[in-house]
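Trainee: This is the structure I want to talk about, given as structure tokens.
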Amino acid sequence: MNKIRKAVIPVAGLGTRMLPATKAIPKELLPVYDRPIIEHVVKEAIAGGITEIILVTRSGKEAIENHFDAHYELESRLEKKGNKTILGKVKNIIPKGVNVISIRQHDALGLGHAVLCAKHLLNNEPFAVLLPDVLVLDSPSVDKNHSFSAMLKAWEETGIGQIMVEKVEGNAVENYGIADLSGIPAKPFESIKIAGLVEKPSVKKAPSNLAVLGRYILPPQVLQLLEKTTAGVGDEIQLTDALHELLKLDGLNAFLTDAETFDCGNKEGFLGANLAVGMRDASTKKYLLDLIRSNNWK
Ligand code: G1P
């Protein structure tokens, strides 16, 4: 099956859950450890072989595009100073052969609408969608599969769209798209047929505790379905509703990950992501452990 080359990253959200931090700064540029959240997500896409990143953006968020562009003045100053390590960090964010392009979403009509805004750039090709709030931290051990890459492989082998899911507890189902797997127990890194998808169900109505976490591999047919999708939960055009239709026509699989995931669009997830990434770097791990131990926090 065709390799996936394009990834849509919707970045037009207002970031209301993180105000006032996001009053003047796009939420996608808040840092996790030493770089903006979105750089982690773009790197995840590129590691999977994506060569075209399509940002669906809006006015006031130009700083995101600037982050992925060259900064001549800064680069030339760092070069003159001979500061090669830092220069490498600002200069090579996007490797050669990868393009970052953007398109505007003029109305805040929901995730489904944001994806549809990229239609004419997708050229009827299958594509990925990565939500930039969510950080997926796979196990650092080398023999472990990288979730996004493994999900791309599942697409290449089957030609069936893939939706990454994770297990959530209790009433957390009310915050996510939830997948119905007809009761089949899912194991990590398995791709299993989805029987239904429902956006933000009540605990009572949730068909499982498997939540859509924000990584999708989709065939282009979903764009035609999105064109017909009317406003759903929250009065927004929901990607989940179009996917529910897609699975009846072409099938759709859930891909379960056991990665640590963090929703950086809220305080807990944002703090957790910073701590988790900091703990993965030997140079900051000791500091963090000492800080926690010495403060005797309860
Ligand atoms: C969106 C999707 C939802 C998914 C979630 C993951 O919701 O509509 O299906 O579970 O992202 O973060 P949002 O968080 O934009 O309300």
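The values are calculated or read from the model by the stated rules, or taken from the named source; none is laboratory data. The model shown is predicted, which means the values in this text are computed figures rather than measured ones. Quick reminder, even Gly has a Cβ in these numbers, built from the backbone with ideal geometry, and neighbours come from all protein chains shown.
Trainee: Show me the helices (runs of 4 or more DSSP H) entirely contained within the range 27-88 in which 2 or more residues are at pLDDT below 95 and more than 20 Å from ASN99 (Cα to Cα). Steps first, please.
Mentor: Values: elements: 37-47, 62-67, 72-81.
Correct list: 72-81.
Trainee: Step by step: first the residues of the range 168-207, then only those that are basic (Lys, Arg) and over 21 Å from the mean Cα position of the chain (by Cα), then the one that is farthest from the ligand (Cβ to nearest atom). Which residue is that?
Mentor: LYS187
Trainee: Determine which single condition GLY265 fails, assuming it passes every other condition in (1) exposed (fewer than 13 other Cβ atoms within 10 Å of the Cβ); (2) within 13 Å of the ligand (Cβ to nearest atom).
Mentor: Answer for GLY265: the failing condition is (1).
Trainee: Give all pairs with beta carbons closer than 7 Å in which a residue from the range 256-268 that is farther than 15 Å from ILE37 by Cβ meets a residue that is basic (Lys, Arg) and more than 11 Å from the ligand (Cβ to nearest atom); count only pairs at least 6 apart in sequence or on separate chains.
Mentor: Close Cβ pairs satisfying both conditions: LEU256/LYS187.
Trainee: Related question: Just for the range 208-227: of the residues that are within 14 Å of the ligand (Cβ to nearest atom) and not hydrophobic (A, V, I, L, M, F, W, C), which one is surrounded by the fewest Cβ atoms within 10 Å (Cβ to Cβ)?
Mentor: This residue is ASN209.
Trainee: Here's something else I'd like to know. Test ILE94 against the stated conditions and say whether it is part of a loop (DSSP other than H, G, I, E, B), among the β-branched types (Val, Ile, Thr), within 15 Å of LYS6 (Cα to Cα) and within 21 Å of the chain's Cα centre (by Cα).
Mentor: Yes.
Trainee: Quick one: which residue in VAL100, VAL115 is out of contact with any Ser or Thr (no Cβ under 9 Å at 6 or more places or on another chain) and surrounded by 23 or more Cβ atoms within 10 Å (Cβ to Cβ)?
Mentor: When all the criteria are applied, what remains is VAL115.
Trainee: Look through HIS106, HIS120 and report the one residue that is over 20 Å from LEU218 (Cβ atoms) and of a type outside the set (D, E, K, R).
Mentor: HIS106
Trainee: Given the options ILE94, ILE53, name the one that is touching a residue at least 40 places away in the same chain (Cβ under 8 Å) and surrounded by fewer than 19 Cβ atoms within 10 Å (Cβ to Cβ).
Mentor: Values: ILE53 fails: surrounded by fewer than 19 Cβ atoms within 10 Å (Cβ to Cβ).
So the residue among ILE94, ILE53 that is touching a residue at least 40 places away in the same chain (Cβ under 8 Å) and surrounded by fewer than 19 Cβ atoms within 10 Å (Cβ to Cβ) is ILE94.
Trainee: Give the residues of the range 97-152 that are in contact with a His (Cβ under 6 Å, 6 or more places away or on another chain) and in a strand (DSSP E or B), sorted by residue number.
Mentor: Within the range 97-152, just LEU135 meets the criteria.
Trainee: Follow-up question, since we're still on this one. Quick one: which of VAL115, VAL100, VAL129 is in contact with a helix residue (DSSP H, G or I) (Cβ under 8 Å, 6 or more places away or on another chain), more than 16 Å from the ligand (Cβ to nearest atom) and hydrophobic (A, V, I, L, M, F, W, C)?
Mentor: Unique residue meeting the criteria: VAL100.
Trainee: Which of the residues that make up the range 161-182 are touching a residue at least 40 places away in the same chain (Cβ under 8 Å) and of a type in the set (S, T, N, Q)? Spell out how you get there, then give the answer.
Mentor: Pass one, the range 161-182, residues touching a residue at least 40 places away in the same chain (Cβ under 8 Å): 161-169, 177, 179, 181.
Within the range 161-182, GLN162 is the sole residue that qualifies.
Trainee: Counting only residues that are more than 9 Å from the ligand (Cβ to nearest atom) and surrounded by 14 or more Cβ atoms within 10 Å (Cβ to Cβ), how many does the range 228-248 have?
Mentor: So the count comes out to 10.
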